[in-house]
Structures are given as C-alpha cells and as structure tokens.
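Report on one structure; see the data block that follows.
The values are calculated or read from the model by the stated rules, or taken from the named source; none is laboratory data. Being a predicted model, the structure only gives us computed values, none of them experimental. All Cβ positions, glycine included, derive from the backbone under ideal geometry; neighbour counts span all protein chains shown. Please note that ligands, DNA and RNA were not included when accessible areas were found on the heavy atoms of the full protein model with its side chains. Shrake-Rupley method; radii C 1.70, N 1.55, O 1.52, S 1.80 Å.
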Amino acid sequence: MSGDRVFVAVCSLTVSIGLTAIGAFGLAAWAFGSATTIRLPLVATFHGFEEMDGTHAVTIDASWMGVTVVILVLAAPLLAAAVTRCGRPAD
C-alpha cells in the first residue's frame, strides 16, 4: 500500500470520527434543549429531561460497537474511492 493510500485511509477515518462526534454533540444539544429522548437504534440514546428545580439535563447511553460501525460506514466511501482512483493517470 502506497503512502498516498495510507494517508487517505487515515484522513477518511479522521473525517468520519469528526462527523460522528459533531452529530453526537448536535443530538445531545437537541435533547438537552428540548428535554426529549432521542434514540438511534443499536448506537445511542440521548435522554434529555428537566429536573425538579427546572434545569435541563441530558444523559447519553451509547454502544461503542455501534459507534464504531457508524464511523466505518462513513469512512468506507472515501476510502473505496481513493483505493480505486489511485494508480490511474491524471487527466
């Protein structure tokens, strides 16, 4: 595997981890702000609620395996495109 392909593989994983984190932060903020429960089957549950004194809170229950699958699914298209595109002469 050439250095270009390794670089793209690392970058695709990094980008997918970042997108997953941003999505999780957004869902946690939404659950916190609206005091509602958001479920992503097999991945995570964001349980937003309002405490007795009126303040909002959120708890997050996530599956590391589910999150890893989401990251790999997001990284796969970029990695596949890079592996099939590398080696072809530039147009």
Problem - Computed helical MRE - 222 nm, the chain, DSSP H runs ≥ 4 contributing -39500 (n - 2.57), nearest 500 - result: -21000 deg cm²/dmol
Problem - Surface per residue (accessible, 1.4 Å probe) for the chain, Å² - result: 71 Å²
Completion exercise
Taking Cα atoms, the helix 3-34 axis meets the longest principal axis of the chain at an angle in degrees (rounded to 10) of 10 degrees
Completion exercise
So the FRET efficiency between Phe25 and Thr68, C-beta based with R0 = 25 Å and rounded to 0.05, is 0.90
Practice task
Compute the acute angle (0 to 90°) between the alpha-carbon long axis of helix 64-85 and the principal axis of greatest extent of the alpha-carbon atoms of the chain; round to the nearest 10°.
Solution key: 30 degrees
Practice task
Collect residues whose amide H, placed 1.01 Å from N in the peptide plane, falls under 5 Å from the amide H of Thr36; neighbours closer than 5 in sequence don't count.
Solution key: Gly48
Practice task
Quantify, in whole percent, the carbon and sulfur part of the accessible surface of the chain (1.4 Å probe; protein heavy atoms only).
Solution key: 71 percent
Fill in the blank from the handout: Checked the chain against the a/c 1.5 cut and the a/b vs b/c comparison, axes a ≥ b ≥ c from its Cα gyration tensor; verdict prolate
Fill in the blank from the handout: Scoring the chain by relative contact order with C-alpha pairs under 8 Å, at least six apart, yields a percentage of 28 percent
Practice task
Give, rounded to the nearest 20 debye, the magnitude of the charge dipole that segment 1-85 has about its Cα centre when Lys and Arg contribute +1 at Cβ and Asp and Glu contribute -1 at Cβ.
Solution key: 520 debye
